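What follows is a single structure, written as structure tokens, with notes after it.
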Amino acid sequence: MNYMKKVILSGIQATGNLTLGNYVGALKNFVKMQDEYECYYMIANLHALTVRRTPEELRENTMKIIATYISAGIDPEKSTIFIQSMVPDHAELGWILDCYTYMGELSRMTQFKDKSSKHADNINAGLFTYPVLMAGDILLYGADVVPVGEDQKQHLEITRDIADRFNKLYGDTFKIPEPFIPKTGARIMGLQNPNSKMSKSSTIPNDTIFLVDTPDEITKKIKKAITDSEGIIRYDEENKPGVSNLMSIYGIIKNKQMDEIEKEFEGKNYGVFKEEVAKAIIEELEPFQNKYNELLNNRDYLEKIYTEGSKKAHEKARTTLEEVYKKVGLII
Ligand code: TYM
């Protein structure tokens with residue numbers, strides 16, 4: 001009874017290899033939510049253009065994310081997997097919403113400030129209007145819920161503001177979406193710098209675990225992860241960010257609460273704890289990696305999935321876009 005289900009839309013940018021942060025903060029929830037909701041999961045390749053990369057890289061990254069989605073457990077029979085650029089409605093609504101978004105509100109976006117300081121030689125207008133395109137992604141599908149990590153919260157807030165502004169001007173058009181930000185794991189931190197989020201683009205060695213890392217790489221990175229001198233496995237984000245971060249990762253994978261983990265490792269040292277964390281990650285990623293490698297060698301299957309998914313997404317998105325065109329007075 002699909003028509004009764006609430007709608008989910010979320011996406012991941014087509015930029016390089018995904019991290020354990022993407023997996024824990026977003027992907028795992030995408031998978032969990034697919035039975036209960038009508039889900040649309042997209043590969044945000046238009047967003048990826050805001051940072052320079054070669055065409056080959058962008059194409060390959062897009063395929064990698066499709067393979068990642070399926071390998072992580074998103075079932076194309078249940079959820080719609082699609083590519084943003086194959087559904088032209090995204091770019092079209094993005095433009096319209098640009099005209100209902102203020103420079104002032106966009107300049108307050110922390111991600112814009114962050115990214116412009118990292119790419120000082122390429123602060124393009126796309127980087128600035130990035131959240132508007134994202135608002136369009138969400139609003140086209142009438143999404144009730146958007147599962148994301150903590151770093152996307154501000155983008156969800158601006159999406160709600162834009163939708164509300166439009167609805168006030170033209171009458172009820174957009175559903176106001178709710179973010180779904182998990183209690184644990186919404187902000188996985190770097191292993192070397194646990195005060196800043198784990199990121200695909202970190203330049204610090206051993207700071208990031210990638211989903212394609214080998215067991216040896218994972219063990220080495222976890223062993224080297226920064227902890228503290230207290231020697232007690234205890235959750236305290238402020239004073240023990242490194243240990244708390246490892247606990248979050250372990251908790252999500254093992255489906256355990258922080259107090260359970262504290263009990264489990266009572267009287268044990270960091271060495272033992274780290275070994276278990278590494279083991280949990282390796283065990284979690286092994287089936288994922290096997291499937292991922294198999295899928296990347298089966299391009300025809302990937303193409304079938306994203307072609308069918310994008311067609312379905314386009315049908316849904318078009319209805320919203322046409323309503324918007326009519327409401328604002330555009331002739332189509
Ligand atoms: P992106 O590609 O940067 O990240 C994808 C998802 O992973 C989450 N995430 C994390 N969660 C926990 N800890 C971390 N260290 C961590 N790093 C990343 C992100 O919060 C995100 O949920 N703008 C989006 C892509 C996007 C989108 C959308 C998302 C485009 N359109 C519409 C939702 C709805 C982005 O850049 O995510």
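Key figures
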item: Boolean, E36 is closer than 21 Å to Y292 by Cβ, modelled with pLDDT of 95 or more and surrounded by fewer than 16 Cβ atoms within 10 Å (Cβ to Cβ); result: no
item: Any hit, region 175-192, residues being more than 9 Å from the ligand (Cβ to nearest atom), in contact with an Asp or Glu (Cβ under 9 Å, 6 or more places away or on another chain) and under 26 Å from A225 (Cβ atoms); result: yes
item: Yes/no for D144 being closer than 30 Å to I249 by Cβ, surrounded by 17 or more Cβ atoms within 10 Å (Cβ to Cβ) and near the ligand (Cβ under 8 Å from one of its atoms); result: no
item: Sole residue being outside the structural domain of E36 (by TED's automatic domain parsing) and buried (at least 20 other Cβ atoms within 10 Å of the Cβ), chosen from L191, L133; result: L191
item: Identity of the residue in region 12-28, closer than 21 Å to R52 by Cβ and of a type in the set (S, T, Y), that ends up surrounded by the fewest Cβ atoms within 10 Å (Cβ to Cβ); result: T15
item: Matching residues, region 49-84, being among the β-branched types (V, I, T), touching a Ser or Thr at 6+ places or on another chain (Cβ under 7 Å) and modelled with pLDDT of 95 or more; result: I83
item: Region 24-54 - residue that is near the ligand (Cβ under 8 Å from one of its atoms) and not β-branched (V, I, T) and, of those, farthest from the chain's Cα centre (by Cα); result: H47
item: Region 160-184 - residue that is without any contact (Cβ under 8 Å) to a residue 60 or more places away in the chain and in a helix (DSSP H, G or I) and, of those, nearest to Y235 (Cα to Cα); result: R160
item: Condition check for D89: farther than 26 Å from L285 by Cβ, within 14 Å of the ligand (Cβ to nearest atom) and in contact (Cβ under 8 Å) with a residue 12 or more places away in the chain; result: yes
item: Residue match in region 258-277 (condition: at pLDDT 95 or above, closer than 23 Å to V31 by Cβ and either basic (K, R) or out of contact with any helix residue (DSSP H, G or I) (no Cβ under 9 Å at 6 or more places or on another chain) (or both)); result: no
item: Check on I162, in the same structural domain as Y130 (by TED's automatic domain parsing) and surrounded by 21 or more Cβ atoms within 10 Å (Cβ to Cβ); result: yes
item: Meets criteria (assigned by TED's automatic domain parsing to the domain that holds R108, assigned to a helix (DSSP H, G or I) and either touching a His at 6+ places or on another chain (Cβ under 7 Å) or in contact (Cβ under 8 Å) with a residue 60 or more places away in the chain (or both)) for L156; result: no
item: Hey, D151 in contact with a strand residue (DSSP E or B) (Cβ under 8 Å, 6 or more places away or on another chain) and surrounded by fewer than 19 Cβ atoms within 10 Å (Cβ to Cβ) or not; result: yes
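The values are calculated or read from the model by the stated rules, or taken from the named source; none is laboratory data. Every value quoted in this text rests on a predicted model; they were computed, and no experiment measured them. Cβ sites come from the backbone with ideal geometry, for glycine too, and all protein chains shown count toward neighbours.
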